[in-house]
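The values are calculated or read from the model by the stated rules, or taken from the named source; none is laboratory data. Being a predicted model, the structure only gives us computed values, none of them experimental. Reconstructed Cβ throughout: ideal geometry from the backbone, glycine too, with neighbour counts over all protein chains shown.
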Amino acid sequence: MLSCLAYITAVAPFATASVAPVAAKLDQAVALESLRRARREAAHRKRRVIYNNDGNEPVYYCSKATPEELLRIRTTGLEGSHVDSIFYCTWSSGFGLFTHNTQVGEVLTGTDGILAKNQTAGFIAQGTDPLQILVNFGKRNGIEVFWSMRMNDVHDGEYPEIFPRWKTEHPECLFGTKESKPKGIRDGRMWAGVDFGRSEVRERAYRFIEEVCENYDVDGIELDFCRHYTFFRCHAAGYPCGKEELDQMTGLVRRVRLMTEAVGLRRGRPILVGVRVPDSVGYCEATGLDITRWLDEGLVDLMAVSDYFQLSPWQESVALGHRYGVPVYAGLSESRIRGDAGKQRNRLEVYRARALNAWNAGVDGIYTFNLFWKPDHAVWRELGDPEVLRRMDKMYYVAYRGPSYAGIYLKDGERFVHIPTLCPERPVTVKAGQPQATTLTVGDDLAAAQAAGLKPDLRLCLQVDKLTAMEELVVKLNGQVLAEGMLAEDWIEYRPAPDLVKLGDNVVEMSVAPDSGDAPVIQDLQLRVSFGKSP
């Protein structure tokens, strides 16, 4: 701004006619700086819980096309909860099918197959749509509303009912066909993904985002790069992305930022840009996402990390975002571990444990995805306050999601996993003379809980196969041998004293005697923390 003033002073004596347009540019510069200040303030507003609603209620669950019915399913009741922000996805399935009234993409009005209950056409016939209804709800209740776009969703690779007409007309933009799938990705639907290496794909993505920013009074937009993780043909073929791909995607994100500023200036209020990305710079870059550059150039305002898998401790993502003044949100998606182990990890007590660990790591809030509990569920009034969580029962695990998904979307993607992985997907065999150790992160300060009059009851449980006698297995917690374990089916349960469990990382070591013929397999490990009130 000072350079603009200096320029006006210099030219005024010689070119009076040029003062007016330069003054106009100065006014624009002042307005832009004001907008950016407002944007920085908005970026750092309180977001205890960001609730990503993937927007399938008008397609699957609404019995009629009314605002009340739409809001009843996942929204009404969030008022007064910890949910400060709703990120609403109008499907964006198949790269261009939406439940909002788009002119750039295609409106999802079909009623065949999985779309049998689809009410989208009914909403639009009334002059509204689900996104507008959510925006109105947010305004009434002081809840921030973002539009969330899944950058390369490929559910249409499985369900032909949601395969967009545009893809049929532009097969050259896809990674393959149903009969000829890309070789480097293990998600069988990924043939339907679009190649962001093509300018027409990037242009189309940009126009989707621009249309929403111009037509809806959203507080921000989210570029969801976790649905799904493949964006370039080289990556789909099994090769990491390089500078060309990184520059192409950065160009798109930069263009989105400039557009949101232009629209923000016209409406007099900023539009924030959020991203959801893997929680590893290396993994991001291998898939074409130059997240560090985006942060360095100020292209994004907030960042949510992790989805199908977690790669790094939360502290790493927090340090990255905060280095550039960008708030970071821990993504707590549902566990994709199969069987009962996965069901157990999707319990409320586990979400409490995960959330408290994330808060302790310094995150700015909790981001939920595929968490479709009713709006009046306790989860929306617990996860956003670590002080509330500290006095609630929990279940901690070494690994909440298996690492295998990291390799589904990136060849050798598991090389980026830098957290413990013990779970039924990655069991550990304990052989004679080869003790095995793992780390269990515990968010509870049990000494403080006892000082506050609570009575923590702890149960450390190991799921073990191929164990003939319980005494053959020696388990240490932070260096102390645990005794008097009880065996029930394939689980051993110990009752460690609260003083033995530390706030933060705890080391669990498992070994067998040197002369033991057994080689037990540790399938899983959990710590249950229950609180009892003092008399």
| field | Scan of region 34-68 for residues that are farther than 20 Å from Thr111 by Cα, of a type in the set (A, V, I, L, M) and surrounded by fewer than 21 Cβ atoms within 10 Å (Cβ to Cβ), ordered by number | value | Leu35, Ala38, Ala42, Ala43
| Is it the case that Leu71 is within 23 Å of the chain's Cα centre (by Cα), buried (at least 18 other Cβ atoms within 10 Å of the Cβ) and part of a loop (DSSP other than H, G, I, E, B)? | no
| request: Residues being modelled with pLDDT of 95 or more and in contact with a strand residue (DSSP E or B) (Cβ under 7 Å, 6 or more places away or on another chain): count how many of those fall in region 436-451. | output: 9
| task | Kindly provide the set of residues from region 82-137 that are among the small types (Gly, Ala, Ser) and touching a Gly at 6+ places or on another chain (Cβ under 7 Å), ordered by number. | result | Gly96, Gly105
| remark: Taking region 416-453 and keeping only residues that are more than 30 Å from Pro240 (Cβ to Cβ) and assigned to a loop (DSSP other than H, G, I, E, B), one is left with Val430, Ala432, Gly433, Pro435, Gly443, Asp444, Asp445, Ala452, Gly453
| said: Looking at region 95-107, can you tell me whether even one residue there is over 22 Å from the mean Cα position of the chain (by Cα), assigned to a loop (DSSP other than H, G, I, E, B) and without any contact (Cβ under 8 Å) to a residue 12 or more places away in the chain? | reply: no
| Pair list, Cβ < 6 Å and 6+ apart or interchain, from region 431-452 residues that are assigned by TED's automatic domain parsing to the domain that holds Ala519 to residues that are polar (S, T, N, Q) and part of a strand (DSSP E or B) | Pro435/Ser511; Leu440/Asn506; Val442/Asn506
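If a residue has to be basic (Lys, Arg) and either outside the structural domain of Phe225 (by TED's automatic domain parsing) or in contact with a Ser or Thr (Cβ under 6 Å, 6 or more places away or on another chain) (or both) to count, how many in region 361-414 make the cut?
As a first pass, look at region 361-414 and keep what is basic (Lys, Arg): 374, 381, 390-391, 394, 401, 411.
In the following step, the residues that additionally are either outside the structural domain of Phe225 (by TED's automatic domain parsing) or in contact with a Ser or Thr (Cβ under 6 Å, 6 or more places away or on another chain) (or both) were identified as 381, 401.
The total comes to 2.
From the set of residues in region 431-452 that are buried (at least 20 other Cβ atoms within 10 Å of the Cβ) and touching a helix residue (DSSP H, G or I) at 6+ places or on another chain (Cβ under 9 Å), which is farthest from Ala236 (Cα to Cα)? Please lay out each step first, then the result.
We begin by selecting, within region 431-452, every residue buried (at least 20 other Cβ atoms within 10 Å of the Cβ); these are 440-444, 446.
From what is left, the residues that are touching a helix residue (DSSP H, G or I) at 6+ places or on another chain (Cβ under 9 Å) are 441-444, 446.
On the way: Thr441: 35, Val442: 38, Gly443: 39, Asp444: 42, Leu446: 47 Å.
Among residues in region 431-452 that are buried (at least 20 other Cβ atoms within 10 Å of the Cβ) and touching a helix residue (DSSP H, G or I) at 6+ places or on another chain (Cβ under 9 Å), the one farthest from Ala236 (Cα to Cα) is Leu446.
Look at region 43-66 and say how many of its residues are over 23 Å from Asp219 (Cα atoms) and assigned to a loop (DSSP other than H, G, I, E, B).
5
Regarding Gly142, is this residue free of Cβ contacts under 8 Å to residues at least 60 places away in the same chain, surrounded by fewer than 20 Cβ atoms within 10 Å (Cβ to Cβ), within 30 Å of Phe196 (Cβ to Cβ) and not acidic (Asp, Glu)? Before you say what the answer is, go through the steps one by one.
Working: free of Cβ contacts under 8 Å to residues at least 60 places away in the same chain: yes; surrounded by fewer than 20 Cβ atoms within 10 Å (Cβ to Cβ): yes; within 30 Å of Phe196 (Cβ to Cβ): no; not acidic (Asp, Glu): yes.
Judged against the criteria, Gly142 is not a match.
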| query | Is one or more of the residues making up region 134-154 acidic (Asp, Glu), more than 21 Å from Ala42 (Cβ to Cβ) and in contact with a helix residue (DSSP H, G or I) (Cβ under 6 Å, 6 or more places away or on another chain)? | reply | no
| field | Among the candidates Gly342, Gly331, Gly362, Gly384, residue that is free of Cβ contacts under 8 Å to residues at least 12 places away in the same chain and under 19 Å from the mean Cα position of the chain (by Cα) | value | Gly342
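Kindly indicate whether Gln248 is in contact with a helix residue (DSSP H, G or I) (Cβ under 7 Å, 6 or more places away or on another chain) and assigned by TED's automatic domain parsing to the domain that holds Asn52. Break it down stepwise before answering.
Numbers: in contact with a helix residue (DSSP H, G or I) (Cβ under 7 Å, 6 or more places away or on another chain): yes; assigned by TED's automatic domain parsing to the domain that holds Asn52: yes.
Against the criterion (in contact with a helix residue (DSSP H, G or I) (Cβ under 7 Å, 6 or more places away or on another chain) and assigned by TED's automatic domain parsing to the domain that holds Asn52), Gln248 qualifies.
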| remark: Picking from Glu211, Glu179, Glu222, the residue that is crowded, with 21+ Cβ neighbours inside 10 Å and either within 20 Å of Thr102 (Cα to Cα) or free of Cβ contacts under 8 Å to residues at least 40 places away in the same chain (or both) would be Glu222
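Can you report the number of residues in region 476-501 which are assigned to a loop (DSSP other than H, G, I, E, B) and either crowded, with 16+ Cβ neighbours inside 10 Å or aromatic (Phe, Trp, Tyr) (or both)?
Keep residues of region 476-501 that are assigned to a loop (DSSP other than H, G, I, E, B), which gives 478-479, 482-485, 489-490, 495-497, 501.
Checking which are either crowded, with 16+ Cβ neighbours inside 10 Å or aromatic (Phe, Trp, Tyr) (or both) leaves us with 482, 485, 496, 501.
Count: 4.
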| Which of the residues that make up region 387-430 are over 21 Å from the mean Cα position of the chain (by Cα), surrounded by fewer than 20 Cβ atoms within 10 Å (Cβ to Cβ), at pLDDT 95 or above and not hydrophobic (A, V, I, L, M, F, W, C)? | Glu387, Asp393, Pro424, Glu425, Arg426, Pro427, Thr429
| said: Lys167 - would you say it is at pLDDT below 95, over 17 Å from Asn52 (Cα atoms), surrounded by fewer than 24 Cβ atoms within 10 Å (Cβ to Cβ) and in the same structural domain as Val273 (by TED's automatic domain parsing)? | reply: no
| Among (1) part of a loop (DSSP other than H, G, I, E, B); (2) surrounded by 24 or more Cβ atoms within 10 Å (Cβ to Cβ); (3) over 15 Å from the mean Cα position of the chain (by Cα), where does Pro240 come up short? | (2)
| remark: Going through region 300-313 in order, the residues found to be surrounded by fewer than 24 Cβ atoms within 10 Å (Cβ to Cβ) and closer than 23 Å to Arg45 by Cα are Val300, Asp301
| message | Would you confirm, using the coordinates I've provided, whether Arg233 is among the basic types (Lys, Arg) and more than 21 Å from Arg40 (Cβ to Cβ)? | response | yes
